[in-house]
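Structure, as structure tokens:
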Amino acid sequence: MRLVISTFCVLVLFSCAVAYDPLDPNGNITIKWDIMSWTPDGYVATVTVHNFQMFRHIMNPGWTLGWTWAKREVIWTMVGAQATEQGDCSKFKGNIPHCCKKTPTVVDLLPGVPYNQQFSNCCKGGVVAAWGQDPSQAISSFQVSVGQAGTTNKTVKLPKNFTLLAPGPGYSCGPAKIVPSTTFLTADKRRKTQALMTWNVTCTYSQFLARKNPSCCVSLSSFYNETITPCPSCACGCHNKKNCVKRDSKILSMVGLHTPKKDNEPLLRCTHHMCPIRVHWHVKVNYKDYWRVKIAITNFNYRMNHSLWSLAVQHPNLNNLTQVFSFNYKPLLPYGSINDTGMFYGMKYFNDLLMEAGPTGNVQSELLLQKDKDTFTFKQGWAFPRKIYFNGDECMMPPPDTYPFLPNSAPPSLITFPPSIFLLLFFLAVW
């Protein structure tokens, strides 16, 4: 009996833990239903998808939302989204519902649809930005008219068994919960109105549920050691090794190489790590009061580019980050006073799109950090990050004992002399 109870407790703790992200402990996707009006046989609701995750966005091909009706509800019409299947509506005569399925599946409309099919914050192909990156774009919504449903707050039955693909698996959704009605301001901001009824559904992400293997890895190097620490072998699993493409393969000249497949199956360049994404951290220069790092992100997938990409980094010296040269930067403060985590993302129209594998399939920037004399050191791998996430997924770090180490015999001049000393020596030599 004790064994059964212990096993149950472990399973419960594990199931809760896998959806907890220490760098974004409050991150989630909240789906809000606001009933705006009653109809003769149901209601009209506005459904809003809020992405409250700081550094995890919903990429192309976008979100897919599903649920199970509590009774025999049907969807009469939708604006700003559509059900992927109509289902069996043969019992209806005259007006035919948009969807009669017990378990409808809904997707966002694509950009450019006719104006009369659009709704506010819709029609982006299901792509939703991360809250930390752009709160104004971290929202998607549509309108749905539901029939054969309750027509009062007491007779409406909440949908159940919500599912969310964004765009793949990884999200677990809780039950719908009735919350205080949403309030709205009129255009002149002088009057408040409110929804007739509101319920929320909260969905959290787990990388363990999304995929068996990591989707990115980290390599390291430094100016004080010639050794380059590569990504671990098979860091992202070697199940794609049979179908990978060598750098000089003739396949790379084929037309349509970069066209994604419906199942999003990757076409990776052959590497020892077999990861779609590699993040390289290079300790570049050491000055008297500052030190410089170069970050390079390389895409090894020939079939996928990454718009709105983000990179979350945990490092104790980010509290003294002085300048970021080619990326945008935003500090993340998941625990208030501890400022050791930040998010990097691309500059709009410059490098916010990470292209497919190839000559242009990389983005890079340099960071300038001010030293804290009480904590700064190059010893024991301190200069390297503790964790790195790409697009919200944690990357595989090399083992700590393989980090580039600081040679004990390294001359102090290689580490502490500022550039002005070398300039002075040059002029003395010429003189």
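Quick one: net charge around Gln53, please, counting Lys, Arg +1 and Asp, Glu -1 for every other residue with C-beta under 11 Å from its C-beta. Walk me through the intermediate numbers first.
On the way: positive: Arg56; negative: Asp21, Asp24.
So the surrounding residues net to -1.
Please state the charge dipole magnitude for segment 127-201, taken about the Cα centre, from unit charges on C-beta atoms (+1 on K and R, -1 on D and E), reported in debye and rounded to the nearest 20. Mind showing how you got there, number by number?
On the way: 8 positive and 2 negative charges, 81 e Å.
Here segment 127-201 has a charge dipole of around 400 debye.
Please list, in chain and number order, the residues 5+ apart from Trp67 or on another chain whose amide H is under 5 Å from its amide H, with Hs placed from the backbone.
Thr163
Return the equivalent ellipsoid semi-axes of the chain as a descending list in whole Å, where each equals the square root of 5 times an eigenvalue of the C-alpha gyration tensor. Could you put the intermediate results ahead of the total?
Details: eigenvalues 466, 117, 100 Å².
Value: 48, 24, 22 Å, ordered largest first.
Along the charge dipole of segment 28-209, Cβ charges K/R +1 and D/E -1, which of Val79, Pro180, Val47 sits furthest on the positive end?
Value: Pro180.
Under 1.5 on a/c is rounded, so check that first for segment 28-209, then, if it is not, pick prolate when a/b is larger than b/c and oblate when it is not; a ≥ b ≥ c are the square roots of the alpha carbon gyration tensor eigenvalues. Write out the running numbers ahead of the final one.
Numbers: a/c = 1.43, a/b = 1.22, b/c = 1.17.
It is rounded, given that a/c, with a ≥ b ≥ c, falls under 1.5.
So, in Å, what gap is there between the alpha-carbon centers of segment 270-294 and segment 154-175?
40 Å
What is the angle, in °, between the Cα long axis of helix 2-17 and the longest principal axis of the Cα atoms in the chain? Nearest 10 is fine, range 0 to 90.
80 degrees
Given the -39500 (n - 2.57) contribution per DSSP H run of 4+ residues, what per-residue ellipticity at 222 nm results for the chain, rounded to the nearest 500 deg cm²/dmol? Please list the in-between numbers first.
Working: 4 runs with 37 residues, N = 431.
Computed ellipticity for the chain at 222 nm equals -2500 deg cm²/dmol.
What whole-number distance in Å separates the alpha-carbon centres of segment 386-401 and segment 307-333?
Using only Cα atoms, the two centres lie 15 Å from each other.
For His50, His57, what's the largest-to-smallest order of accessible area, 1.4 Å probe?
On the way: His50 40, His57 10 Å².
Putting His50, His57 in descending order of accessible area: His50, His57.
Only four residue types carry charge here, +1 at the Cβ of Lys and Arg and -1 at the Cβ of Asp and Glu. Report the dipole size of the chain about the Cα centre in Debye, rounded to the nearest 20.
On the way: 41 positive and 24 negative charges, 167 e Å.
Dipole of the chain, to the nearest 20 debye: 800 debye.
Sorted by accessible area (1.4 Å probe), largest first, how do His273, His280 line up? List each step's numbers first, then the result.
Values: His273 5, His280 35 Å².
Result of the area sort, largest leading: His280, His273.
Mind pulling the angle between the C-alpha long axis of helix 419-430 and the longest principal axis of the chain? Nearest 10 degrees, somewhere in 0 to 90.
That works out to roughly 30 degrees.
Got a sec? What order do Glu356, Glu226, Glu85, Glu394 fall in by accessible area at 1.4 Å, biggest, i.e. largest, first?
Numbers: Glu356 30, Glu226 185, Glu85 110, Glu394 65 Å².
From most accessible down to least: Glu226, Glu85, Glu394, Glu356.
Can you work out ³J(HN,Hα) from phi for every residue in segment 171-181, in order, using Karplus 6.51 cos²θ - 1.76 cosθ + 1.60 and θ = phi - 60°, giving whole Hz and x for Gly and Pro?
Using θ = phi - 60°, the values come out as 9, 10, 10, x, x, 5, 10, 5, 10, x, 4 Hz.
The values are calculated or read from the model by the stated rules, or taken from the named source; none is laboratory data. A quick note: this is a predicted structure, and the numbers were derived from the prediction, not measured. A quick note on method: Cβ atoms are made from the backbone with ideal geometry, for glycine too, and the neighbour counts reach across all protein chains shown. The accessibility values were calculated without ligands, DNA or RNA, using every heavy atom of the protein model including side chains. Shrake-Rupley method; radii C 1.70, N 1.55, O 1.52, S 1.80 Å.
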